[in-house]
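Report on one structure; see the data block that follows.
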Amino acid sequence: MVWHKSPLHPILITIALSAGLVAIPASLSRAQNGANAPARSEIKVGWNSFEPPETGAPGRRVGGGTRSICPAEARGLTALVPQTNMGRTMSASPTVILYIPALPTETTVEFTVTAVSEDNYTQVSQQSFQTVGGSTIALPLPETETSLDVGKLYYWDFSIVCNPNDKSGNIVVGGWIDRIQPSSVLTAELQNASPEKAFEIYSREYIWYDAAASLALLRLAAPDDKTLAKTWQDLLASVGLEDIANAPLATMTSTPNNQSAAP
């Protein structure tokens, strides 16, 4: 896996496609000038009204645990999901966003996605790579491996691995994904929407993963845009994560064989 901390457009297009968006260079230039930025009034708190199923893992937004041998910094690992740990997506390969705190040394992390049906658990994707953290990352599910089905629930978890021989001490966060089928009206509305408008539509419909990914895309394209930065702060505040809103954003890509790579 390769980390990118600068707004490189080929990587942005990758995230856009994984979030169900389209390439939009003209609109990105408008965002850099502060025009057509998403209205902060569109940020709502209805994200937290969707409950995960009673079966399965409850989800955990923030790392912790007293038994872990991981460095204390690792306990700041945070999943950018609503307070109920449940988020919706329209995408077959959505983007998950996490905050990885700065770590003392390069450390192995693992990202796993599992399909959940009643008491049945089927792992559909697993990746591992190395990182020193220090940023909020946009992590697309690999399209070559993972295609989420409409109407099914999925659980993802992200772990900082400090002892490969005893993973019970890992720092772990995770959340639920509900892939929904959009109405024909919503699909038509999004088809020609600018990225700024798409974010507002996703927010209006409480489609968390796509809203967060589309706004992250805009911020990566225009990192100095104060209006976008404020909108990002408001989005995270709406789910109680304002404390990490100022962390730098980064993107990543997956190597075809999912082997570890230095950041």
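Some observations on this one:
- Kirkwood radius, region 90-239, all distinct C-alpha pairs, inverse of mean reciprocal distance: 17.0 Å.
- Protein accessible area in region 130-201, 1.4 Å probe - carbon and sulfur %: 46
- For region 102-118 versus region 185-213, the spacing of their alpha-carbon centroids is 28 Å.
- If the chain linking Ile180 and Val150 were pulled fully straight, counting 0.36 nm for each residue of separation and taking away their Cα-Cα distance, it would gain 10.3 nm.
- Ordering of 87-93, 211-217, 179-185 by packing is 211-217, 87-93, 179-185, highest average first (other Cβ atoms within 10 Å, averaged per residue).
- Estimated FRET transfer efficiency when R0 is 25 angstrom, pair Gln233-Tyr121 (beta carbons, to 0.05): 0.10
- Separation in nanometres of the label points that stand 7 Å from Cα toward Cβ, at Val62 and Asn246: 1.7
- Built amide H within the under 5 Å cut-off of Ser125, gap 5+: Val113
- Per-residue ³J(HN,Hα) for region 111-120, Karplus 6.51 cos²θ - 1.76 cosθ + 1.60, θ = phi - 60°, Hz, x for Gly and Pro: 10, 10, 10, 10, 7, 10, 9, 6, 9, 9
The values are calculated or read from the model by the stated rules, or taken from the named source; none is laboratory data. Please read these numbers as outputs of a predicted model, since none were measured by experiment. Glycine also receives a Cβ, built like all others from the backbone with ideal geometry; neighbour counts cover every protein chain displayed. Side chains included, ligands, DNA and RNA excluded: accessible areas come from the protein's heavy atoms. Shrake-Rupley method; radii C 1.70, N 1.55, O 1.52, S 1.80 Å.
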